[in-house]
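See structure below.
The values are calculated or read from the model by the stated rules, or taken from the named source; none is laboratory data. Bear in mind the structure is a predicted one, so any value in this text is a computation, not a measurement. Note that we place each Cβ from the backbone using ideal geometry, even for glycine, and neighbour counts take in every protein chain shown. Areas reflect the complete protein model, heavy atoms only, side chains present, ligands, DNA and RNA absent. Shrake-Rupley method; radii C 1.70, N 1.55, O 1.52, S 1.80 Å.
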Amino acid sequence: MLEKIRGPEDLKRLSEEELIELVGELRSEIIRVVSQTGGHLASSLGAVELVVALHRVFSSPRDKILFDVGHQAYAHKLLTGRRERFETLRQYGGIAGFTKVSESEHDAITVGHASTSLASALGYALARDAQGEDYKIVAVIGDGALTGGMALAALNKIGELQKDMLIVLNDNEMSISPNVGALNRYFRTLQVQSWFQDAEARGKRVLERISPRLYEFADRAKEATRLLFAPENPFHAWRIRYLGPVDGHNLKELIYLLDHIKDLKGPTILHVVTKKGYGYKLAEKDPVKWHGVGPFPLDPDAAPQKGKGYSWSLAFGDALIELAEEDPRIFAITPAMREGSGLSEYAERFPERYVDVGIAEEVAVTTGAGLALGGMKPVVAIYSTFLQRAVDQVIHDVALENLDVIFAIDRAGVVGADGPTHHGVFDISILRAIPNLKILAPKDAAELRAMLKAALSVGGPVAIRYPRGKTAPVERGTWPAIEWGRWEVVKEGSEVAILAFGATLGYALAAAGDDPRVMVVNARFIKPLDEAMLAELAGRGMKILTVEDHQLAGGFGSAVLEALERMGKKAEVKRLGYPDRFMPQGTQAQLHALAGIDAAGIRSALAELGVVRLGTKSA
Ligand code: HTL
């Protein structure tokens, strides 16, 4: 069936039975390909019926279907002309793991970060109406993504303007971890109420027959329970029509409903209840683990391979646990990334000093500010890419009053298969401009621990950035000393100093080999720089090669140039990092090589600086 689908219009010709068969084929294909490529399996499996129903009833690309985050849209990709390329999912040069406007006319938005679909839908609606067009707009948003401020603020405006659009709330009770928030609690009451109404409808017929008086009593009890379970529907307060909840795996019912509501005027929310991972037992049982997976064996008894070894995230989480054991003021904050940030165990150990604020990075940062003002020592664990959401909060709420807030910035640098929406390559440029804020980057887990400990006592905001991936594990109780503000000479040399940090330090050492002319410096303090060492290197006439897993514009290398200028020192400087374009998806190693920040790239740069190693061709 799937092979015959060239575009969504082909769905309109299928019978109900054929559509149900298609749903099964889509699931099998998603599981087969993701088992090879890795990807957001559980989210995409849960949305298959929904995607089929939407494409059956609406007419993409004329009608616009906007997927929030875009990680649940694999079935959409398979149905919109990308079946043959689906095997390249998330690979270098392949199709993206999220929807992407430049990839297909059926992808209405380019996305990867959460909570944007409703504002985009509002923009589409304003454009449609301004141009006198009449296409339909459908935003599909998860209950997780609906915890984001952007989504809630857009709802507020959508309700006011009464623009025609359908918002499909795909409620699976999960963000990556179990979902949080008051609205989430409310959705649970709606589900209970709907169950009660079903039971009631069944019971009513029986009761009426047995005893009219009992029926009357039940009818009154029904009113009482309704009040108990369902307070005034908040969407009504927003002037948005609410329908649901309905079973998101009942294809027939979904199609019937969508068909009947597609022409409704004004904004409508259809609350659809789905099961994350639906159709793949392991994922249904453990949707957290199967939210995003690496390649996995198709054997049903096997677990996903999360990649062996000790992650930077765990190195952070373990260190924080030990610090929190000693210091009762430590308080960890995550914007919906408990597992990814290595905080699962911390959250269990210190539930009273832990908060998941939902997919709301702005709230995470400003809650940190409030905690600091209230006398705690907040640690905001946040991915570099998601910190972009909260730049003003860092500036206005934290840095302005020099508050003691630590930012543990995970996934700094290119992240690999998630691609440009998720690369963490802007944090240094953004944060470097902010007064009071200090920026550090450890070379390994031990140094991360040292930095975290030092940051907690130095005062004012401190950002510690570390990459996605593995690092060597360290023993509990390992707290190496670190001299605040000082770089570390890792290898001596006479002619050129490579200034590298974090993920690029290993490459620098590999490129330097045992060449006596090449010095390698662990430039772990990015702000403030170790200006004393920099001045000394320049004074000695050393050439300088900066290497960063970050954009060149405004990054570490720029900071070095600025410092030399400020100090009135001259040095020949060459900078390696990402050029002024968005880095694509691919493995981290592929992307490092592409930008020439890996060992081979550094060797070429050394050659350009005149340090050509004898006996080798390139350098
Ligand atoms: N913060 C922001 C701004 N965007 C993203 N994408 C994240 C964090 C990380 N993230 C995802 S998917 C996801 C999060 C938190 C959960 C979304 O939950 P939702 O969908 O209920 O909307 P579900 O997976 O189907 O349950 C990714 O980075 C892919």
Segment HIS236-ALA481, length gained on full extension (0.36 nm per residue, minus Cα span) | 82.4 nm
Here the net charge surrounding VAL458, from other residues whose Cβ is less than 11 Å away from its Cβ (Lys, Arg +1; Asp, Glu -1), is +1
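Using heavy-atom solvent-accessible surface (probe 1.4 Å) with all chains present, what is the largest-first order of LEU161, LEU79? Spell out each step's value before the answer.
Working: LEU161 65, LEU79 0 Å².
So the residues, ranked largest to smallest area, are LEU161, LEU79.
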Long-range amide H partners of VAL414, meaning residues 5 or more apart or on another chain whose placed amide H is closer than 5 Å, are GLY424
When averaged across all projection directions, what area in nm² does the alpha-carbon convex hull of region 480-545 cover?
-> 4.4 nm²
LEU576's amide H: which non-local residues (gap 5+, or another chain) put their own amide H closer than 5 Å, with H modeled 1.01 Å from N in plane and none for Pro or chain starts?
-> THR546, VAL547, GLU548
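Please report the antiparallel percentage of the DSSP beta bridges confined to the chain, to the nearest 5. The partial results should precede the final answer.
Numbers: 10 of 65 bridges.
Bridges in the chain are about 15 percent antiparallel.
For the chain, which whole percent of the accessible surface, found with a 1.4 angstrom probe, sits on carbon and sulfur atoms?
Here carbon and sulfur together make up 54 percent of the probe-accessible area.
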Loop only per DSSP, at most 16 neighbouring Cβ atoms within 10 Å: give me the trypsin sites (Lys or Arg not before Pro) in region 311-414, ordered by residue number.
-> ARG329
Taking every Cα atom in region 65-151, find the radius of gyration and the maximum pairwise distance Dmax, and write them in Å.
-> 13.6, 41
Under a 1.4 Å probe, counting only protein heavy atoms, LEU152 has an accessible area in Å², nearest 10, of 50 Å²
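Can you pull out the GluC sites (Glu not before Pro) in region 49-146 that DSSP calls coil and that have at most 15 other Cβ atoms within 10 Å? Please report the intermediate quantities before stating the final value.
Numbers: sites: GLU49, GLU84, GLU87, GLU103, GLU105, GLU133; in loops: GLU84, GLU103, GLU105, GLU133.
Answer by residue number: GLU84, GLU105, GLU133.
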Among the listed pairs LYS527/LYS574; LYS443/LYS491; LYS163/LYS252; LYS377/LYS527; LYS163/LYS262, give every one whose C-alpha distance is greater than 25 Å.
-> LYS163/LYS252
Label-point separation in nm, GLN131 to ASP299, each point 7 Å along Cα→Cβ | 5.4 nm
With all pairs of different alpha carbon atoms counted, what Kirkwood hydrodynamic radius in Å does region 455-503 show?
-> 14.4 Å
Give me the accessible area of HIS396, 1.4 Å probe, in Å² rounded to the nearest 10.
-> 110 Å²
Which value, in nm² and rounded to one decimal, describes the direction-averaged projected area of the C-alpha convex hull of region 400-514?
-> 9.0 nm²
Would you kindly derive the ³J(HN,Hα) couplings of region 18-27 from the backbone phi angles with the Karplus curve 6.51 cos²θ - 1.76 cosθ + 1.60 (θ = phi - 60°), listing them in order in whole Hz, with x for Gly and Pro?
-> 5, 5, 5, 5, 4, 4, x, 5, 4, 4
Evaluated at 4 °C with a viscosity of 1.567 mPa s, what Stokes-Einstein diffusion coefficient in µm²/s does region 1-68 have when Rh comes from the Kirkwood expression over alpha-carbon pairs?
-> 101 µm²/s
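Please work out the ratio of the alpha-carbon Rg of the chain to 2.2 N^0.38 Å and round it to two decimals. Don't skip to the end; give the middle numbers.
On the way: Rg = 27.1 Å, N = 619, 2.2 N^0.38 = 25.3 Å.
Its radius of gyration relative to the 2.2 N^0.38 Å reference: 1.07.
What is region 527-589 by shape, rounded, prolate or oblate, if you read a ≥ b ≥ c off the alpha carbon gyration tensor as root eigenvalues and call it rounded for a/c under 1.5, prolate for a/b larger than b/c, and oblate otherwise? Present the calculation step by step, with values, prior to reporting the outcome.
On the way: a/c = 2.69, a/b = 2.34, b/c = 1.15.
Since a/c reaches 1.5 and a/b is larger than b/c, the shape of region 527-589 is classed as prolate.
On a 1.4 Å probe surface of the protein chains, which of SER104, SER344 comes out largest in accessible area, and what is the full order?
Values: SER104 15, SER344 45 Å².
Ranking SER104, SER344 by accessible area, largest first, yields SER344, SER104.
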Any idea of the accessible area per residue across region 496-575, 1.4 Å probe, to the nearest Å²?
-> 33 Å²
Between VAL140 and residues 5 or more places away or on another chain, the pairs with built amide H atoms under 5 Å apart involve LEU66, PHE67, ASP68, VAL168
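What GluC sites (Glu not before Pro) does region 495-602 have in DSSP loop regions with at most 13 other beta carbons within 10 Å?
Working: sites: GLU495, GLU531, GLU536, GLU548, GLU562, GLU565, GLU572; in loops: GLU495, GLU572.
Those satisfying the criteria are GLU572.
For the full complex of protein chains and a 1.4 angstrom probe, list SER28, SER44, SER102, SER15 by accessible area with the highest value first. It would help to have the intermediate numbers written out before the result.
Details: SER28 70, SER44 0, SER102 105, SER15 45 Å².
Per-residue accessible area, sorted high to low, gives SER102, SER28, SER15, SER44.
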Tell me, in nm to one decimal, what length is gained between ARG349 and VAL489 on full extension, where the rule is 0.36 nm per residue of separation less the Cα-Cα distance?
-> 46.6 nm
Report the charge-dipole magnitude of the chain in Debye, nearest 20, computed about the Cα centre from +1 at each Lys and Arg Cβ and -1 at each Asp and Glu Cβ.
-> 340 debye
Choose one of ILE359, LEU343, HIS423: the residue whose Cα lies farthest towards the positive end of the charge dipole of region 318-432 (beta-carbon charges +1 Lys, Arg; -1 Asp, Glu; about the Cα centre).
-> HIS423
Dipole of the chain (Lys/Arg Cβ +1, Asp/Glu Cβ -1, origin at the Cα centre): which of VAL48, VAL458, PRO234 lies farthest to the positive side?
-> VAL48
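What FRET efficiency would be calculated for the residue pair ARG188, ALA607, taking the C-beta separation as r and a Förster radius of 56 Å, to the nearest 0.05?
Working: r = 63 Å, r/R0 = 1.12.
My answer for the efficiency is 0.35.
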